[in-house]
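Let me begin by presenting the structure, written as structure tokens, before commenting on it.
The values are calculated or read from the model by the stated rules, or taken from the named source; none is laboratory data. In this text the structure is predicted, and so the values were computed from the model without any measurement. Neighbour counts are summed over all protein chains in view; Cβ atoms, including those assigned to glycine, are modelled from backbone coordinates with ideal geometry. These area figures cover heavy atoms from the full protein model, side chains too; ligands, DNA and RNA do not enter into them. Shrake-Rupley method; radii C 1.70, N 1.55, O 1.52, S 1.80 Å.
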Amino acid sequence: MLEKLTQLRHHIEQSLRDATPEAIEAVRVGMLGKKGEITAVLKGLGQLEPQARKIAGQAANELRDWAQSQIDQAKAGAGAAKQAQALTEESIDITLPGRRRGMGRLHPITQVYGKLEELFLSLGFDIVEGPHIETVYHNFDALNTPESHPSRDESDTFYFDENYLLRCHTSPMQVRVIEKQKPPIRVVVPGKVFRRDEVDATHTPVFHQLEGLVIDKGVHMGDLRGIMELIAGHIFGPGAKIRLRPSFFPFTEPSAEVDITCYVCDGKASRPGSEANDPCRVCKDSGWVELWGCGMVHPQVLRTSGIDPGEYSGYAFGLGVDRITSALYGITDPRLYFENDVQFLRQF
Ligand code: DAH
């Protein structure tokens, strides 16, 4: 009996050496399982003489405990070996640095808004925003824009019904500010505006404006001109050349367009690099590009909103932020602002 136990011990030792988890489990079942060899020895003890049973029983129990602990140790060792092998074989290198996410940046239009707002804040203007959905009253009537004016036409403006529309300019905020605030007034209004324009090289149905309004005692056209030059100098640099060209807006009198020397042909009015002297498409061969409108606030606009034009006067302007951005960076197609092409946007 004791000899048999010694044999089993050798067999276990050999079988567990470098064994796979599956082989270890086979040893456990073969020795300690229900029909295992050590289990069989333990079961057979009852048939022995009391004296021999005592000695064999002690040895068999010792062997069982020893076998169990050998199997446990072998299992733990095999698990660790398997893990170590997996780590060397796996292709993921966890020590490599992570992949960097592309950093976003401000859209060029947002950057130009930022530059403009910086200037106006330094001049003591407030910045206010207005609703995209406007009343016909604020968008047109209170701005001295009669029924007969072409901008009121269905084909130019997005109407919801007869009273509400998508604002076609930021000028209605002039009225909303005057309704609420007594002069002196100094505000700028950034925001999106909407027109029923077909998309082409100079038009998009959504674009961006910055409205300005100043009302005080004794404000005159010279103040307006000075501010227009400050804006141009701040955006395009001190050498920027502008001109005020007489124009018409129903809510200003007199009115003017602010033009800047053409950023494509540099005011030379012929396409750069072209031997045939092709006409410049951006300035239509005039040498000037129209950037925004301005004027002295029409007395009727002041009166309608409760300000006495005998006491106060003011000027207003509506900057086309997309056009300013195009002029600043020499962009010839405003559609690029809306396409979210990262290659394009990354340049600014
Ligand atoms: N609202 C005009 C437009 O969208 C732009 C404009 C012109 C605004 C003259 C003004 C202004 O405040 O004085 O075409």
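I'd like the accessible area for S91: 1.4 Å probe, protein heavy atoms, all chains in place, Å² to the nearest 10.
Solvent-accessible area, nearest 10 Å²: 120 Å².
How large is the convex hull of the C-alpha atoms of segment 2-89 per residue, in Å³?
69 Å³
Can you give the helix-only mean residue ellipticity at 222 nm for the chain, where every DSSP H stretch with n ≥ 4 adds -39500 (n - 2.57) and the sum goes over all residues, rounded to the nearest 500 deg cm²/dmol?
Helix contribution divided over all residues of the chain: -12500 deg cm²/dmol.
Using the Karplus equation 6.51 cos²θ - 1.76 cosθ + 1.60 (θ = phi - 60°), what ³J(HN,Hα) coupling, rounded to whole Hz, does each residue of segment 87-99 give in order, writing x for Gly and Pro?
5, 6, 7, 5, 8, 7, 9, 6, 8, 5, x, x, 7
Could you calculate the FRET efficiency of D278 with D308 from 1/(1 + (r/R0)^6), where r is the beta carbon distance between them and R0 is 51 Å, rounded to 0.05? All intermediate terms of the calculation are to be shown ahead of the outcome.
On the way: r = 54 Å, r/R0 = 1.06.
The formula returns an efficiency of 0.40 here.
Exactly which chymotrypsin sites (Phe, Trp or Tyr not before Pro) in segment 133-211 are in a DSSP loop and have at most 16 other Cβ atoms within 10 Å?
Passing sites in segment 133-211 are F158, F160.
Say R0 is 41 Å: what FRET efficiency, to the nearest 0.05, do K115 and E89 get from their beta-carbon distance? It would help to have the intermediate numbers written out before the result.
On the way: r = 57 Å, r/R0 = 1.39.
Efficiency at R0 = 41 Å is approximately 0.10.
Could you list, by residue number, the cysteines of the chain that have no other cysteine's beta carbon within less than 4.7 Å of their beta carbon?
When partners are defined as cysteine Cβ atoms under 4.7 Å apart, the chain leaves C168, C294 without one.
Keeping all protein chains in place and using 1.4 angstrom, which order do W292, W66 fall into by accessible surface area, from largest down?
W66, W292
Working with all protein chains in place, sort E134, E253, E3 by solvent-accessible area computed with a 1.4 Å probe, largest first.
Details: E134 0, E253 105, E3 140 Å².
Greatest to least solvent exposure: E3, E253, E134.
So what J values fall out for segment 39-48 if you push phi through Karplus, 6.51 cos²θ - 1.76 cosθ + 1.60 with θ = phi - 60°, rounded to Hz, Gly and Pro as x?
These are the phi-based 3J(HN,Hα) values: 4, 5, 4, 4, 5, x, 4, x, 7, 7 Hz.
Tell me, what is the per residue accessible area of segment 10-131 in Å², probe radius 1.4 Å?
73 Å²
Enter the accessible area of E198 (Å², nearest 10), with the probe set to 1.4 Å and all protein chains included.
150 Å²
Taking the Cα atoms only, what angle lies between the long axis of helix 2-16 and the longest principal axis of the chain, rounded to 10 degrees?
The angle comes out at about 20 degrees.
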